[in-house]
Amino acid sequence: MNLHGIAAIYKFEMNRTWRTIGQSIASPVITTILYFIVFGSAMGSRITDIDGVSYGAFIVPGLIMLTVLGQSISNAAVGIYFPRFTGTIYEILSAPLSFVEVAIGYVGAAASKSIIIGSIVLATAGFFVPLDIQHPILMAFFLVITCVTFSLLGFIIGIWADGFEKLQRIPQLVVTPLTFLGGSFYSITMLPELWQKISLLNPVVYLISGFRWSFYESSDVSLGVSITMIFIFMALCMAVIGWIFKTGYRLKN
Amino acid sequence: MTSAIHVTGLNKVYDNGFQALDNIDINVEKGEIFALLGPNGAGKTTLISAICGIVTPSAGQVMVFEHDNVKAYRKARSHIGLVPQELTTDAFETVWNTVCFSRGLFGKSPNSKLIESILKSLSLWDKKDAQIRMLSGGMKRRVMIAKALSHEPDILFLDEPTAGVDVELRKSMWEQVHRLRETGVTIILTTHYLEEAEEMADRIGVIDKGKIILVEDKNVLMKKLGKKELVLELYKPLKKLPESLATFKLQLANDGQQIVYTYDSTKEDNGAVTLLDALKQDGIKCKDFNTRQSSLEEIFVGLVGKK
Ligand SMILES: Nc1ncnc2c1ncn2[C@@H]1O[C@H](COP(=O)(O)OP(=O)(O)OP(=O)(O)O)[C@@H](O)[C@H]1O
Ligand SMILES: [Mg+2]
């Protein structure tokens, strides 16, 4: 295991994070505040409690997930896409590093950044609604596993993308609908039965449901199912990355 | 002699069907300076990339100090430092960080003393905290050399190292290369400055259209293919060469002050003595003479032209 190599990539990526941390944090924080003003205060006061939780508090886990998913994907995608674009990838390819080590470095850094931002969003939410987290350790677990899984997905997108267009569009095209329809702002039990069934095909439903359970002990699907689904999704991403590395797809000529 | 790089039957067909390398066999010995010469598009960069693991070969094998560069890629790659042809650097990192990053990638623990000495030897020390985007092209090239040296490679690849570097710096880079070789580093370089290969290399490999045309010790190559010129300084300038000397195909130079005789140095009898006799008979007196070897450039153009 080339630990120095992993550390070098991780440190390099984190340096990039610290250089741009202002921008990285500002946008999700502002978005969160807007959501709270609109949904929490303005509309939320007219919406009844869901499963005994006030609407403002109900949307906190979903909002964090919304931010964290987008961040994980774009951090990891940009992280690996940039060296491909500028050509500095030559050094990574010629170094005595296995592809697993390369992925650990990039995905680890992207996930770290998302975890930091997710925590900041959580703290921001604390200004608007009283936060009462029933299972903090489980909550941290969900946060970390989500950041890692979606950073893996971002890593794949960053290798697949052959232009900035794709790099930016895909997260928007995929993540926004999935999170909005994943129960960020409502409980899927509020949907007609058919749509409930369709919703269960959306991996984000399990993330948000499990995450919300760690806050309020209320969820759309059972905790066990949530955790299983997350690991299946993660295994899927790893399998794709394994294939990419085996074939050198879009990395080597 | 141990071989540093041993390439056998290397082929590369790019995805678009273009064959960039055609059955390359090459052996580079430990401690030598090997120059790869070839025109644009000959396959020099492709060959280096295949050895370093950046391009996947279609067939063939590369051994680096007896380690297969696919099966034992960690061992093979950790011997190699690469300075690519293109100036590809990060923009926002500082010089210091980017060089330390390279060392880390190759699995070496931090060593600020060493990095300091590398940066000093490349006259980059005063730029160590500068962001790379603020450096000139020549400085960036030196940063890339520093990155390649940061992990103490045994083999250094320099893909056109002096492209875009001014004359003074070029000379100092040549010196640096020689100093590196003295510490036992094997160096493989490609260059369009043929003067550079002549100046630096121990052996020269000529590559064209993906094929190695020949590999030869530099001096042997120069002798083998070298035409020599004999330049005679005359006492009295000549307006015209006498008819009797026509068989020697002489040329008048320097306003008739010099006679230039071109001959093949590989021939048993080069005809120089006969020429001197003939001149004596015609009463042409010489005050001085010297011989000149044709440059590698002339040899090279001859070689590639023939194929
Ligand atoms: N990714 C690629 N896909 C297809 N063809 C390629 C690719 N990279 C290089 N080639 C082709 O392979 C040939 C060899 O290229 P290479 O870069 O190895 O040449 P070179 O000897 O380094 O040339 P130069 O002296 O100009 O640097 C060229 O004809 C080039 O067009
Ligand atoms: Mg080249």
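Since every read-out is calculated from the coordinates, none of them should be taken as a lab result. Predicted model only: the values in this text are computed from it and were never measured. Using ideal geometry, Cβ is built from the backbone for each residue, glycine included, and neighbour counts are taken over all protein chains shown.
Among residues other than A:G108 whose Cβ falls under 15 Å from its Cβ, what is the net charge (Lys/Arg +1, Asp/Glu -1)?
The answer is +1.
Let me know the charge dipole size of region B:76-176 about its Cα centre in debye, to the nearest 20, where only the beta-carbon of Lys, Arg (+1) and Asp, Glu (-1) is charged.
In total the dipole reaches around 180 debye.
Exposure proxy check: B:L276, B:L21 ranked by fewest other beta carbons within 10 Å?
The most exposed by this proxy come first: B:L276, B:L21.
Between A:F164 and A:F245, what length comes free when the chain is fully extended (0.36 nm per residue of separation minus the Cα-Cα distance, one decimal in nm)?
Gain on extension, A:F164 to A:F245, equals 27.0 nm.
Quantify how strongly other chains surround peptide B:41-53 by giving the mean number of their Cβ atoms within 10 Å of each of its Cβ atoms.
2
Rg and Dmax of region A:152-192 over Cα atoms: what are they, in angstrom?
Values for region A:152-192 (Cα only, Rg and Dmax): 13.7, 40 Å.
Which log10 I(q)/I(0) values does the protein assembly as shown give at q = 0.06, 0.08 Å⁻¹ under the Debye formula, counting every alpha carbon as one identical point scatterer?
-0.45, -0.68
Put a dot 7 Å past each Cα toward the Cβ at B:K267 and A:L173; how far apart are the dots in nm?
Simple spin-label model gives 7.2 nm for this pair.
222 nm [θ] for chain A, helices only, -39500 (n - 2.57) per DSSP H run of 4+, per residue, to 500?
-24000 deg cm²/dmol
For each pair in B:K140/B:K218; B:K75/B:K108; B:K44/B:K127; A:K11/B:K12; A:K252/B:K75; A:K11/B:K113, compute the distance between the two Cα atoms and list the pairs where it is over 24 Å.
B:K140/B:K218; B:K44/B:K127; A:K11/B:K12
Across region A:1-48, what fraction of all alpha-carbon pairs, as a whole percent, falls in each successive 10 Å bin from zero upward?
Per 10 Å bin, starting at 0, the Cα pair percentages come out as 23, 24, 20, 17, 12, 3.
Leaving out same-chain residues fewer than 8 places away, which lysines sit with a Cα under 29 Å from that of B:K236?
Correct list for B:K236: B:K227, B:K228, B:K249, B:K280, B:K285, B:K287.
Taking the Cβ of each residue in A:S226, A:S119, A:S45 as the centre, tally the other Cβ atoms inside 10 Å and list the residues starting with the fewest.
A:S45, A:S119, A:S226
How would you rank B:123-135, A:100-112, highest first, on the average number of other Cβ atoms within 10 Å across their residues?
A:100-112, B:123-135
Once you have the Kirkwood Rh of region A:3-247 from its Cα pairs, apply Stokes-Einstein at 4 °C and 1.567 mPa s and quote D in µm²/s.
For these conditions, the coefficient is 70 µm²/s.
Report the net charge of residues surrounding A:N15, where surrounding means a beta-carbon distance below 14 angstrom and charges are Lys +1, Arg +1, Asp -1, Glu -1.
For residues surrounding A:N15, the net value is 0.
Taking chain A as the reference, fit the longest principal axis to its C-alpha atoms, fit the long axis of helix A:136-160 to the helix C-alpha atoms, and give the angle between the two in degrees, 0 to 90, nearest 10.
50 degrees
For the pair B:D15 and A:I37, what calculated FRET efficiency results from E = 1/(1 + (r/R0)^6), where r is the Cβ-Cβ distance and R0 = 60 Å, to the nearest 0.05?
Result of the calculation: an efficiency of 0.70.
Mind ordering B:80-93, B:149-162 by average Cβ neighbours within 10 Å, highest first?
B:149-162, B:80-93
Taking chain B as the reference, fit the longest principal axis to its C-alpha atoms, fit the long axis of helix B:296-306 to the helix C-alpha atoms, and give the angle between the two in degrees, 0 to 90, nearest 10.
It is inclined by approximately 90 degrees.
Over all residues in B:93-104, what is the mean tally of Cβ atoms on other chains that come within 10 Å of each residue's Cβ?
Neighbouring Cβ atoms belonging to other protein chains average 4 per residue here.
Output the 0 to 90 degree angle, nearest 10, between the alpha-carbon long axis of helix B:112-121 and the longest principal axis computed from the alpha carbons of chain B.
Between helix and principal axis, roughly 20 degrees.
Restricting to bridges with both residues inside chain B, how much of the DSSP beta-bridge set is antiparallel, in percent to the nearest 5?
70 percent
Expressed as cubic angstrom per residue, what is the convex hull volume of the alpha carbon set of region A:7-134?
Enclosed volume per residue, from the Cα hull, is 117 Å³.
If I model a spin label at A:S27 and A:L201 as a point 7 Å from the Cα along the Cα→Cβ vector, what separation in nanometres do I get?
It is 3.0 nm.
Hey, got the average number of other protein chain Cβ atoms within 10 angstrom for residues in A:3-9?
6
For chain B, what does the helix formula give at 222 nm: sum of -39500 (n - 2.57) over DSSP H segments with n ≥ 4, over the residue count, nearest 500 deg cm²/dmol?
Calculated from helices alone, the mean residue ellipticity at 222 nm is -9500 deg cm²/dmol.
Give the Debye-formula value of log10 I(q)/I(0) at each listed q (0.13, 0.15 Å⁻¹), with one equal scatterer per alpha carbon of chain B, two decimals each.
-0.94, -1.13
How large is ³J(HN,Hα), in whole Hz, for each residue of region B:54-67 in order, when computed from phi with the Karplus curve 6.51 cos²θ - 1.76 cosθ + 1.60 and θ = phi - 60°, using x for Gly and Pro?
8, 10, 8, x, 7, 7, x, 9, 10, 10, 10, 6, 6, 9
How large are Rg and Dmax for region A:100-240 when only the alpha carbon atoms are used, in Å?
15.7, 46
Efficiency by 1/(1 + (r/R0)^6): what FRET value for B:D25 and B:D166, r their Cβ-Cβ distance, R0 = 35 Å, to the nearest 0.05?
0.40
Between A:K11 and A:R84, what is the label-to-label distance in nm when each label sits 7 Å out along the Cα-to-Cβ direction?
Calculated label separation equals 2.7 nm.
Could you quote the convex hull projected area for region B:140-203, Cα atoms only and averaged over all directions, in nm²?
4.1 nm²
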